[in-house]
Structure formats: C-alpha cells, structure tokens
Amino acid sequence: MNGAESLLKTLVNNGVTTCFTNPGTSEMQFVAAVDRVDGMRCVLCLFEGVASGAADGYSRMSDNPPATLLHLGPGLANGLANLHNAMRAGVPIINIVGDHATSHKQYDAPLASDVAAYAKPVSAWIKETARADEISADTLEAIEAARQPPGQISTMIIPADCSWNQTSVISREKAARPVRPKVSDEAVRNVSNALRKKEPAVILMGGQALLEEGGKLASALSNHTNARVFSATFTARITRGAGRTNIERLPYFPEAVIRTLTGVRHLVVVGAKPPVGFFAYPNLPSYLVPEDCRVHCLAEAGEDAVDALARVIDELDAGSVSPTILPLKKPALPVGELTPETISLSVAALMPENAIIAEESISSGAGLIPATATAQPHDWLFTTGGAIGQGSPNAVGAALACPDRKVICLQADGSGMYTLQALWTQARESLNVTTIIFANRKYRILDIEYERVGAGSPGPKARAMLAIDNPEIDWVKLATGLGVMACRVTTLAQLNRQLAIYIAEPGPNLIEVIF
C-alpha cells in the first residue's frame, strides 16, 4: 500500500466518498489508486473553480464533507473564489493539494509556490504531510477539522513522494463527529427577557436555524412575541415553500435594510451576524443596525441554534404556540411580457416538489423569493461570499448529493461565464439539472453599482466594461458544445412551454432566456 492508497482508504472509511478533481502530475498516485481502492466517486471538473464550487454545493446538501483534488499552488489558487464562498457558507470541505516531491523542492521548479499561503485565507486547518506513514493520521485530523461546527475547510498538502512511498500505516479509528455546543443559559435568558417586553423586535437567522425545524420554532416564537423573522441576505441553504414557514429575507441594499429595521428595538441574531453593507457607499453607514436597537446573540454560527430556539420558547412558556405553516399556493402560469418578474412566476408555477434551487441570478432575481414563497417545498442555495461563478458549480454538487431531486439553476449570463465548464461535468455525470440563463447581455449589477458609488455618468469606455453584447454570447451553442441539451426562448409563452418540458425530463438541459 502506498501513501495515496492510505489516504483514499481513510477517507472512504470515514464516509468521505465524493471527490471533485482537477489533477496534475503531483496527484497521479491518487488518480492511480482510485482503481485499487473501492468506494470513492471521482468527479472530473475542467476548472478548479468548478471543483470547489461543486464541493460547496455538495456539502450544503449532504451530511458528509466532500474532497477536492487540486494541482499544486496554482490549482488551489484557481479554486479560491468558490472556496471563499464555501468558507462564508460555513460548510465542510477537505482540499487535497499535491505538491512537489520533497527532494525536488530545493530546485525552485516553475510550478513551485507557497501552497499553505494560498490556502490560509479560506482554510481553518492546514497541514503538509511529511511522510507516507503520516498520511492516514493527517487525513483523520483533516476530516475532524472540516466537521467542526458549522463546517470548515481543511487543506491537506501532500508532496508527491508521500503519495508514492510505501506504508503499512492506516488508522482503524473513526474521525470524530463533533456535536454542536449548546448555548449558555444566560444567552437564553437575555433573549427571552428582551422578547418578553413585546417591543419591536427582529429575529435574524442563518445556518442551521434556516432548516425546517428551526424555521418552525422561529415562527412559533414570532407568533408569541410579534417579532419578525428574517434570514440573512445570503445564506448557504434555506428550506422554503408549502409546508414550511415564511422567513423574510433581509434586503440587499443598505437603504432597504435601514428602512426594514427602523423602529426595531431588539435584534436577536441566531446563527447569523448583525447586518452590514455588502459594500461601502458615500453618505451611507456600513453598520446597518439602528443606534437605539440592542443586539442580542442567541447562538453563534457553530452553536446549536435549534436547541436554543426551543429553550427560549420554554423560557417564555410558549410551548403551546403553533408555527404558521404555508399552504401550497402556486401562481398561475404568467402571461404577457418576458421580464425578470414573469420569469420568476414561471419558475414558481412549474417548480416540482422537493426541488433544489441553486441561484445566482444577480440583478434579475429580485422577484424570485416572493414568487416562490408558497410554491412546492424546496431548498434554496444562495450565493454566500459574493464571488461570482458559484451557481452552476453549486448545481453540480447539489445534484450529486441528492440524485433523486431536481436541481434548478437560476444563473445570470455574466457570472455564468466564469464557470461555464460546469455544464460539461453535468453532461458527463448525467446530472438532473435544468439551468435557466438570465440573458440580459450586460453586467447589470455593475450598472447599478456604478450609479450608487457616485462615479458620475459612464463614458463609452466605462460602458464597454459593463456590457457583454459585443459579441453576443450564444449559450445554446456553448451548452450543446459541452454536451447539454439547450434551447433559446424570447417570449413568455415559449418559456412556460419549454420549462415544463425540461423539468419533466431528466437533465441536464438549459434554457437561454433573452429579455
């Protein structure tokens, strides 16, 4: 058994059975070992940003962390944008990064780099293996570190000789599954006392709190205290739709957040942070909590938010209060013009039960959340860290984690070009993904931001950096060239008809919507 086999066996023995790969020479022993060690599904991605984004999507929908296999420092660097998003999502991922053989490092070969330095901004745990005999123990550490609540990124750096050298050492232990710590009694009492006053209050939730059980507890608490319940603007995963509770989404722009929180005297954060602006703007605050509002932390991101909510209900003697459960009330198929709003209604009307929505619609998606509030029950995956190019890779990972569920990817055209190689992986793995491309042929969000930062009227050179219509991108040709069935629609009637067909069929497929 060589070091690569030891690594694979330790991963598989601990339930890590999916690896998103873009290997190179330093990882060839791992590539060879997968034919000798059963149990690992390796998913080839043609760009490291797809591998890291797919690992993020898989992790959001799975109880076990996936692995990535990346080539040296530059390969890791190519994946950093979506690893940043995964870090902000608080999900577990184990990066396996090959490095030059120990004896080769002294020669400063062209691909030599400080891999640990590249990994540091996104990794909670980093370790370079020194010998083949240490790989199994290091792998156990990496798994345990990744599973630390709410979820973290571990990065293993494995010199090529550690992979090819022989070893007889493999740990028979199982990596520990850390339990979320309970919040303190003091935190429960403080929040209960604040809500007991019946003053205007908001409960702002993130992470674990936004899954079904947490939503029901927060709704019951809202019904007892009149506090409004919001999700953070960008969250890893939220359960929504019929049979669930309504959790409002905190707006994106600072002015809207300020209006929403005006008059609120108590802000209770549960697995979330107090709101700040995504960017700084002239004459607007960055910290968006009103000066006369007190912030109460019920649960940090890694703590047991569901238990904390239940204990507040007990403290307030509100156990008999029921949550408000949303009925199934799909909108009728829309008619009229093809706009972002009518596209949203079409998605809401045709969404199948238990769909997973991987959304990166950017400026076109404002109507999606209200339109789908009472649609079929579904899970929604938001862009978390702001690094674009997340939607299509997230859809890959979600579809692999939940092969029995339809994944609908709502993807803006500009950001979709960052990781369009994800379509090839969808085709290669026969993933049940239907992608809708919002093709307005511009970086519309940058048009909005240009105005908001007070940069004046854009000149011709500035406008050229905000438009992507010269030449026009042909998503149908791109998708079919990568193996995905695709079509283009220019009317709402065409969208309604084609979306119904594609949702009913196993994917992957793609609709380019020109509006």
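Data for the structure
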quantity	calculated
Amide H contacts of VAL268 (H built 1.01 Å from N, under 5 Å, at least 5 apart or other chain)	VAL202, ILE203, LEU204, HIS296
Ranked list, fewest to most other Cβ atoms within 10 Å of each Cβ, for PHE20, PHE279, PHE382, PHE47	PHE279, PHE47, PHE382, PHE20
With at most 12 other Cβ atoms within 10 Å, longest stretch of the chain clear of loop GluC sites (Glu not before Pro) (DSSP)	338-515
For segment 270-282, 3J(HN,Hα) per residue [Karplus equation, 6.51 cos²θ - 1.76 cosθ + 1.60, θ = phi - 60°, Hz, x = Gly/Pro]	10, x, 9, 10, x, x, 10, x, 4, 9, 8, 10, x
Kirkwood-Stokes translational diffusion coefficient of segment 3-164, alpha-carbon pairs, 37 °C, 0.692 mPa s, µm²/s	218 µm²/s
HN-Hα J in Hz across segment 228-245 - Karplus 6.51, -1.76, 1.60, θ = phi - 60°, x for Gly and Pro	7, 10, 10, 9, 4, 4, 10, 10, 5, 7, 9, 8, 9, x, 4, x, 10, 9
Rh by Kirkwood over Cα pairs, then Stokes-Einstein D for the chain at 0.890 mPa s and 25 °C, µm²/s	102 µm²/s
Radius ratio Rg over Rh of segment 348-408, counting only Cα atoms, Kirkwood formula for Rh	0.95
Vicinal HN-Hα couplings computed from phi for segment 96-112 (Karplus, 6.51 cos²θ - 1.76 cosθ + 1.60; Hz; Gly/Pro x)	10, 10, x, 9, 4, 4, 3, 6, 8, 5, 5, 9, 6, 4, x, 8, 5
Counting all C-alpha pairs of segment 340-514, share separated by more than 23 Å (%)	37 percent
Sorted by Cβ neighbour density within 10 Å, fewest at the top, the residues ILE362, ILE158	ILE362, ILE158
For LYS442, LYS461, LYS329, LYS9, order by how many other beta-carbon atoms lie within 10 Å, fewest first	LYS461, LYS329, LYS442, LYS9
Proximal lysine pairs, segment 122-276, alpha carbons under 21 Å, eight or more residues apart or interchain	5
Whole-number D in µm² s⁻¹ for segment 35-81, Kirkwood Cα-pair radius fed into Stokes-Einstein, 37 °C, 0.692 mPa s	284 µm²/s
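Every number here is computed from the coordinates shown, using simple stated rules; none is lab data. All values reported here derive from a predicted model rather than from experimental measurement. Backbone-built Cβ (ideal geometry, glycine too); neighbour counts: all protein chains shown.
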